[in-house]
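What follows is a set of notes on a single structure, which appears directly below.
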Amino acid sequence: MPTDRRTVLRRLAGIGAGVRELILIAVLYVAYTASRLLASNEAAPAFHRAQVLRRIEESIELDWEHALNVFFVHHNTLALLSCYWYSTAHYIVTPAVLVWLYFKGRHAYIPARRALIVATLIALALYLMLPTAPPRMMDHYVDVLSIHSDQGWWGADASAPRGMGQLTNQLAAFPSLHAGWSLWCAVALQRHARLRVIKVLGWAGALATAIVVLGTANHWVLDVVVGWMVVIGGFVAANAFAPRLQVASPVEAPLGTEAQQLTM
């Protein structure tokens with residue numbers, strides 16, 4: 001086959017692989033949104049589960065949400081910055097890390113993508129099975145995003161854009177994918193970033209996200225813990241396929257070179 005033709009076919013394969021990945025991520029996001037909408041919106045069971053979580057946290061001295069929430073309420077600048085973080089970083093940082101991994105190559109991208117998908121699917125199943133009220137819907141907690149909704153693009157319904165609150169189920173809060181996805185980013189950067197400062201920023205972002213979701217009263221501590229656990233489970237599941245990936249292709253081969261292996 002002439003060199004020029006091979007080059008064209010290789011580039012087309014790379015473009016096709018990229019398009020398939022975009023479609024995959026879009027389908028995953030639609031599934032995420034749909035599952036939250038399909039989750040039961042019955043208040044009584046969701047509030048009962050929230051009370052159970054709070055009692056468990058109190059028994060092991062992990063009930064930190066109220067103290068953080070009070071601190072956020074009394075520090076407006078911190079509260080406003082946290083609102084922007086909560087309603088924005090979730091949708092920007094994770095895709096950005098995913099794209100960066102894509103260009104790093106199969107050895108970086110495929111295991112991380114698998115981990116993200118597995119973790120997200122586990123979380124979606126829990127949303128459907130265990131609708132749980134977040135702290136902001138309980139007595140003695142303040143919905144920080146709601147009181148600052150006139151200063152940002154979000155409305156008074158969680159982090160949904162203003163006027164689109166009907167597109168989110170506010171009882172789909174257990175576990176916290178904000179916390180889970182931020183931990184996924186931290187692990188991915190730890191594994192594949194060359195600069196130490198980037199790795200540190202990844203872990204700092206995961207810690208900041210955990211504090212933000214608690215301080216804004218959007219999640220319980222156990223929501224965060226389980227969000228982290230599903231991501232760890234996702235990486236464990238992804239690692240089970242790692243030997244197959246390494247045998248199938250050299251670790252430094254770019255994704256577009258052997259596009260047919262992208263779906264492994």
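Please list, in order along the range 214-221, the HN-Hα scalar couplings obtained from phi with the Karplus expression 6.51 cos²θ - 1.76 cosθ + 1.60 (θ = phi - 60°), rounded to whole Hz, x for Gly and Pro.
Going residue by residue, I get 7, x, 7, 6, 8, 8, 7, 4 Hz, with x marking Gly and Pro.
For Phe174, which sequence-distant residues (separation of 5 or more, or a different chain) have an amide H within less than 5 Å of its own amide H, given hydrogens modelled in the peptide plane?
The answer is Thr132.
Students often get this wrong: which residues of the range 175-191 have the backbone nitrogen under 19 Å from the point 7 angstrom along Cα-to-C-beta of Met129?
175-177, 180
Quick one: check the C-alpha center-to-center distance for the range 110-135 versus the range 190-219, whole angstrom.
The two parts, judged by their Cα centres, are 19 Å apart.
Which whole-Hz ³J(HN,Hα) couplings does the range 57-66 yield from phi under the Karplus relation 6.51 cos²θ - 1.76 cosθ + 1.60, θ = phi - 60°, glycine and proline marked x?
4, 4, 5, 10, 6, 10, 7, 9, 4, 5
Sort the following peptides by mean Cβ neighbour count (other Cβ atoms within 10 Å, averaged over residues), highest first: 226-235, 82-91.
Values: 226-235: 21.8, 82-91: 19.3.
Highest to lowest by the protection proxy: 226-235, 82-91.
All of the numbers you see were taken from the coordinates with simple rules; none came from a lab. The structure presented is a predicted model; accordingly, all values stated were derived computationally and were not measured. Glycine gets a Cβ as well: all are built from the backbone with ideal geometry, and neighbour counts include every protein chain shown.
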